[in-house]
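Here's the structure, in structure tokens; my notes come after.
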Amino acid sequence: MARVLGPDDLASSPRASLFEGLSHGDGVELSFFITTTPPDRGPPLHVHPNAEVFLVERGTATFTIGDEEVVVSSGQVVMVPPETPHRFHNTGGEDLRVVSMQPSAEVHQANVEPGAPTRSGPR
């Protein structure tokens, strides 16, 4: 049977939605965030045990992936290998909208920057 989720089902904060296959799917080995990030903001440097793929839907961001920095804009896709420290920072003048996908039924994240909270498993 099909299951349809709305924004309220996925909201994890005022600017982020989270789908985790373990919580919302039935055997779905996929998790994703949909985030809207204001200018000059972004998540802390972190790692995941699995790869992560980002689709930039709107705006411009500077991604740090390992020791490399790349500037990405609307319509571009960024791929990050497993266990690679990464983050993005909204370097444009408008809100940045990004979908980040992981081939895992739940999100496991270890932040690299001191003092940043760590995310592991469903909320």
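Rule-based calculations on the coordinates, nothing more; no lab input. Keep in mind it's a predicted model, so treat the numbers as computed, not measured. Glycine also receives a Cβ, built like all others from the backbone with ideal geometry; neighbour counts cover every protein chain displayed.
Here are a few things to note about the model shown:
- Distance between the pseudo-spin-label points of SER23 and ALA11 (7 Å out from Cα toward the beta carbon): 1.4 nm.
- Backbone HN-Hα couplings from phi across the range 12-21 [Karplus 6.51/-1.76/1.60, Hz, Gly and Pro as x]: 10, 6, x, 10, 9, 10, 9, 10, 10, x
- The GluC sites (Glu not before Pro) of the range 1-82 that meet both conditions, a loop assignment by DSSP and at most 14 other Cβ atoms within 10 Å of the site Cβ, are GLU29.
- Total charge dipole magnitude, the chain, about the Cα centre, Cβ charges on Lys, Arg, Asp, Glu only, Debye to nearest 20: 240 debye
- Gyration tensor (alpha-carbon) shape descriptor, the range 9-102, a/c threshold 1.5: oblate
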